[in-house]
Amino acid sequence: MSDQKDSEKSQPYKPVLLAGEEEFQNPLAAAKSWDKSLEREIFSRWESEGTMGKFNVDSSKPIFVMDTPPPYPSGRPWHVGGASHYAQIDMIARSARMRGFEVLFPIGIDRNGLPVEIYTEKKFKVSIKATPREKFLELCRIALDDLEQEMIQILKMMGYSANYEQKYRTDDISYRALTQSTFISQWKNGRVYEGTRPTNYCVDCGTTIADAEIVYSEIPTKLVYFKFNVENGDSIPIASTRPELIASCRAVIVNSEDERYKAFVGKNAIVPFYERRVPIFAHNSAKPDFGTGALMICSYGDYNDVQLFRELGLEEIISIGRDGRMLPSAGEGLAGLRVKQARNTMIERLQKEGIAFKVEEIQHRTPMCERSRTEIEIIPMDEYYLKVVDIREKLEHIARKELHFHPEMHRTILLNWIEVARDWPISRRRFYGTEVPVWYCSECRESYLPPPGPYYQPWKDEPPGNPSCAKCGSKKFVGDERTFDTWMDSSISALYVTKYGKDDHYHERTYPATIRPQGKDIIRTWMHYSILRCSEITGRVPWHDVWVTGWGLDEKGQKMSKSKGNAIDPIVMLDRYGAENFRMWIASEVSVGSDYTCSEQKIATPGKFLTKLWNISRFIAGFPEPKEIPTYDELSSSDRWILSELSALTEECIAGYEDYNFFVPANKIRDFTWNLFAAHYLELAKGRAYGAGFTQEEIISARYSLHQCLKSILLLLAPICPFITEVLWLRIYSEKSIHAGAFPDPKEWQKEYLKYQKQIVDFNSKVWNEKKAKGLSLKDSLAIDIPDELRTFSKDLKAMHNLS
């Protein structure tokens, strides 16, 4: 009833004392509401006790290992969506502990790679190209320390229960040494090769990037229509968005079914301005409905060009350099220009010479660097590659048969990526990362790899052990100056946290990990690369369960990001509303894996439930918990009913926790607590709980059931709301933390009284509505018949409603 006064808010008279009971003081009497400032006090106590996140590898409990994502500090860390991701990861750890597991919950910081360098350049207003390498690395470390401190602050504010004393960083010497050791191992096993291949290159970042680091954007561009003369005196029309690459054209293709061009196949076209003859081939990758249906094949305009150069055995002409400027091969008037300048210049030249006959403005799906948002170029680069293509079937088998996805829908992302993934370019031409541990003979360029174990910096150190070249005997070596793709480090997190190569006993007890929690946006990078690397190095998958979250969206449905300016600062929200609001919001917002909308109003809303929970707890804390435990037969019907409901709730919540879907327990607990327990059962039981006019057995039954329900609610809610449940538990029930406890047993109470829920709710609503219609208060008497099916609840219903 909307205007019903909550019985739990006040106690008009003292409860009856039973035989043997002493005067009782409500432990929550002085605290009328939940105080969010207690959160930091509680977390400080957890830290000072030194037990939070502790892990015993020799525990008799079953072991639960989390390969948690080390957050990546690439600027001001995290928006609300990012922070909520880690709040849910903490719920995985806390719920696993309460399910009886010994939990390894590591915390790391990912401190490698290109974004770190970009942030450092902006922060200190320096250029990586103009700063000595040693100095630049030191600036990166300083910048990262500041960002890391803020990340740790947010984690602690949220109640993240990892072991902070054993925090790791991916730029630690020990971590980088493991990355290098695994590279050396994979090299020796024939999984690594060096080659010069056309590859993705970001001019702004100055490095190779992997396919997985490419994003696509629809951007405005010009589709230019122009003619190639054909050696028989005809001409063939070409359409291209890359006319600046005419200098690199080595063939023209048309579709074999395209009647317009069948007569041209086998002849040669003449490249305008460069007067080079190139063959015209029939190939089904030419689309008759795009442009003119005839395409020039250049080195390299897109991935189709790369494939056709290999397939047709074409000789490349590279006309774009690593600095993003046209090379001398582009010819006079273009050499030295940036790509877009060269494009415009070539369009003008084609139009002036009457070669171009149409220029069309279109939206073109363009590959961009994920980090810099610069259009990528495909340039032949000498890099190290990790083989992927030859084990696609193995990777697909793992993805289909050996992984359990939460939710299942995200398995498709991994499978789709494996189907198209190419060999992975793993070397980068940057500074802040794990160095490629290779030296080269100064005389013959033979590679020298050191023994695995130590951390190597070939760009500044001599090779260890004064080696001789295995090929020519020379003792002069030069070190590789490249670093690894940051995913080379991240992909072995499951090995690092399980002490691979350091502690065999520890590793055997903890590997494979139990679960990998991560976002859906890095399935094709972190998840894919981890499976690729760990399964090859150990012969076993790194984990069997993967838990994948969706994206945090703004109120317009756009993905939240710092660069878009639509991000909400989690520190502001945590300061304003507290961790419990924040955690309850994200747990109850959406089922696991789906995108969710973030707003301040939504984060504020759970405060009403926390207030309700506090009021209920304060009311129940006013009754002493019976020392004497009643048997099932001694329980009143109303108590059997609510314990039946509690049993069903416990079962549903534990199932939700086992599926790592916190939407289930969050919403089930809130609905039970607010709409069933408080609205109906408290009203049924409060008369007996106070005791006047009831037998000792009836009083004990009511008080026992009230406390059993509150205990179970707090235990079931603890992984989601760790602070308020801790305070209530310590003040009402125990000196021992609630987080050292276990979930209630759903089989402790029978469920035979579940059938009465609808009848009880309907009857109570009927009485409240009738009193309202007659202008009566809730305390006023009313004459109304109790249905036959509710006769067993008659005494409580009469007391609850003052029925005559």
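The values are calculated or read from the model by the stated rules, or taken from the named source; none is laboratory data. This structure is a prediction, so every number in the text was calculated from the model and none was measured. Don't worry about glycine lacking a Cβ; one is built from the backbone with ideal geometry, like all the others, and counts go over all protein chains shown. Protein only, heavy atoms only, side chains kept; ligands, DNA and RNA dropped before computing areas. Shrake-Rupley method; radii C 1.70, N 1.55, O 1.52, S 1.80 Å.
State yes or no: is residue 137 touching a strand residue (DSSP E or B) at 6+ places or on another chain (Cβ under 8 Å) and open to solvent by less than 40 Å² (accessible area, probe 1.4 Å)? Taking the combined requirement at face value, the residue does not satisfy it.
Okay, residues lined up against (1) in contact with a strand residue (DSSP E or B) (Cβ under 6 Å, 6 or more places away or on another chain); (2) open to solvent by less than 70 Å² (accessible area, probe 1.4 Å):
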residue	(1), (2)
413	no, yes
465	no, no
479	yes, yes
487	no, yes
494	yes, yes
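Beta carbons closer than 7 Å, at least 6 apart along the sequence or on distinct chains, pair a first residue in the stretch 746-768 that is surrounded by 13 or more Cβ atoms within 10 Å (Cβ to Cβ) with a second that is in a loop (DSSP other than H, G, I, E, B) for 759/787; 763/787; 767/784; 768/1; 768/4.
Rundown of residues vs (1) at pLDDT below 95; (2) under 22 Å from residue 664 (Cβ atoms); (3) not hydrophobic (A, V, I, L, M, F, W, C), yes/no style:
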| position | (1), (2), (3) |
| --- | --- |
| 67 | no, no, yes |
| 81 | yes, yes, yes |
| 89 | no, yes, no |
| 92 | no, yes, no |
| 97 | no, yes, yes |
| 102 | no, no, yes |
| 106 | no, no, yes |
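Each residue in the stretch 482-517 was checked for being of a type outside the set (D, E, K, R) and at positive phi, and 1 of them qualify.
On the basis of being part of a helix (DSSP H, G or I), surrounded by 17 or more Cβ atoms within 10 Å (Cβ to Cβ) and aliphatic (A, V, I, L, M), does residue 587 make the cut? Criteria met by residue 587.
Would you check if there is a residue in the stretch 624-642 being among the hydrophobic types (A, V, I, L, M, F, W, C), within 43 Å of the chain's Cα centre (by Cα) and modelled with pLDDT of 95 or more? Working first, answer last.
Going residue by residue through the stretch 624-642, those that are among the hydrophobic types (A, V, I, L, M, F, W, C) are 629, 635, 641-642.
Imposing the further condition that a residue be within 43 Å of the chain's Cα centre (by Cα) reduces the set to 641-642.
Filter again for modelled with pLDDT of 95 or more, leaving 641-642.
Checking the stretch 624-642: at least one residue is among the hydrophobic types (A, V, I, L, M, F, W, C), within 43 Å of the chain's Cα centre (by Cα) and modelled with pLDDT of 95 or more.
So which residues in the stretch 154-171 are assigned to a helix (DSSP H, G or I) and either under 16 Å from residue 89 (Cα atoms) or open to solvent by less than 10 Å² (accessible area, probe 1.4 Å) (or both), if there are any at all? Spell out how you get there, then give the answer.
Keep residues of the stretch 154-171 that are assigned to a helix (DSSP H, G or I), which gives 154-157, 164-166.
Result: 154, 155, 156, 157, 164.
Is at least one residue of the stretch 694-716 modelled with pLDDT under 95, over 20 Å from residue 610 (Cβ atoms) and in a loop (DSSP other than H, G, I, E, B)? Taking every residue of the stretch 694-716 in turn, at least one turns out to be modelled with pLDDT under 95, over 20 Å from residue 610 (Cβ atoms) and in a loop (DSSP other than H, G, I, E, B).
Would you point out the residue of the stretch 543-577, among those that are part of a loop (DSSP other than H, G, I, E, B) and among the charged types (D, E, K, R), that is most open to solvent (accessible area, probe 1.4 Å)? Steps first, please.
Of the stretch 543-577, the ones part of a loop (DSSP other than H, G, I, E, B) are 550-551, 554-558, 560-569.
If we keep only those that are among the charged types (D, E, K, R) too, we end up with 554-556, 562, 564, 569.
Values: 554: 22, 555: 143, 556: 178, 562: 100, 564: 121, 569: 50 Å².
So the residue we want is 556.
Taking the stretch 620-633 as the region of interest, how many residues are over 30 Å from residue 96 (Cα atoms) and in a helix (DSSP H, G or I)? Qualifying residue count for the region: 2. Of the listed requirements (1) in contact with a strand residue (DSSP E or B) (Cβ under 8 Å, 6 or more places away or on another chain); (2) open to solvent by less than 30 Å² (accessible area, probe 1.4 Å), residue 460 misses just one: (2).
For a quick check of your reading: which strands (runs of 3 or more DSSP E) sit entirely within the stretch 369-486 and have at least 3 residues that are within 30 Å of residue 593 (Cβ to Cβ)? Can you show your working first?
Numbers: elements: 377-386, 404-406, 439-441, 477-479.
Fully inside the stretch 369-486 and qualifying: 404-406.
Each residue in the stretch 634-678 was checked for being in a helix (DSSP H, G or I) and open to solvent by 10 Å² or more (accessible area, probe 1.4 Å), and 20 pass.
If you scan the stretch 771-797, which residues turn out to be in a helix (DSSP H, G or I), out of contact with any helix residue (DSSP H, G or I) (no Cβ under 9 Å at 6 or more places or on another chain) and in contact (Cβ under 8 Å) with a residue 12 or more places away in the chain? Within the stretch 771-797, just 772 meets the criteria.
Any residue at all in the stretch 751-763 that's in contact with a Lys or Arg (Cβ under 7 Å, 6 or more places away or on another chain), at pLDDT 95 or above, under 27 Å from residue 36 (Cβ atoms) and not basic (Lys, Arg)? So that I can check it myself, show each step before the final result.
Initially, the stretch 751-763 is screened for residues in contact with a Lys or Arg (Cβ under 7 Å, 6 or more places away or on another chain), giving 753.
Among the residues that remain, those that are also at pLDDT 95 or above are: 753.
From what is left, the residues that are under 27 Å from residue 36 (Cβ atoms) are none.
No, every residue in the stretch 751-763 fails to be in contact with a Lys or Arg (Cβ under 7 Å, 6 or more places away or on another chain), at pLDDT 95 or above, under 27 Å from residue 36 (Cβ atoms) and not basic (Lys, Arg).
If you go through the stretch 215-234 and keep only what is open to solvent by 20 Å² or more (accessible area, probe 1.4 Å) and touching a helix residue (DSSP H, G or I) at 6+ places or on another chain (Cβ under 8 Å), you end up with 222, 234. Within the stretch 172-214, being at pLDDT 95 or above, buried (at least 18 other Cβ atoms within 10 Å of the Cβ) and assigned to a loop (DSSP other than H, G, I, E, B) holds for one residue alone: 191.
Looking at 603, 642, which one is out of contact with any strand residue (DSSP E or B) (no Cβ under 8 Å at 6 or more places or on another chain) and closer than 21 Å to residue 746 by Cβ?
Values: 603 fails: closer than 21 Å to residue 746 by Cβ.
On inspection, the qualifying residue turns out to be 642.
All told, residue 631 meets the bar of being open to solvent by 10 Å² or more (accessible area, probe 1.4 Å) and closer than 28 Å to residue 796 by Cα.
Checked against the criteria, residue 318 does not count as open to solvent by less than 90 Å² (accessible area, probe 1.4 Å) and not in a loop (DSSP other than H, G, I, E, B). For residue 432, the stated conditions hold: it is touching a Cys at 6+ places or on another chain (Cβ under 8 Å) and touching a residue at least 40 places away in the same chain (Cβ under 8 Å). Of everything in the stretch 716-732 that is open to solvent by 20 Å² or more (accessible area, probe 1.4 Å) and touching a residue at least 60 places away in the same chain (Cβ under 8 Å), the residue that is nearest to residue 155 (Cα to Cα) is 731.
Across the stretch 297-313, the qualifying residues are those that are within 13 Å of residue 241 (Cα to Cα), out of contact with any Pro (no Cβ under 9 Å at 6 or more places or on another chain) and not β-branched (Val, Ile, Thr), and the one among them that is least open to solvent (accessible area, probe 1.4 Å) is 298. Among the residues here, residue 737 qualifies as surrounded by fewer than 20 Cβ atoms within 10 Å (Cβ to Cβ), hydroxyl-bearing (Ser, Thr, Tyr) and touching a Ser or Thr at 6+ places or on another chain (Cβ under 9 Å). If you take the residues in the stretch 88-123 that are under 23 Å from residue 566 (Cα atoms) and in contact with a Leu (Cβ under 9 Å, 6 or more places away or on another chain), which one is most open to solvent (accessible area, probe 1.4 Å)? Here the residue is 123. If you check 35, 67, 90 for being closer than 27 Å to residue 611 by Cβ and in contact (Cβ under 8 Å) with a residue 24 or more places away in the chain, only one passes: 90.
Of the residues making up the stretch 530-542, those that are closer than 13 Å to residue 69 by Cβ and either hydrophobic (A, V, I, L, M, F, W, C) or open to solvent by 10 Å² or more (accessible area, probe 1.4 Å) (or both) number 0.
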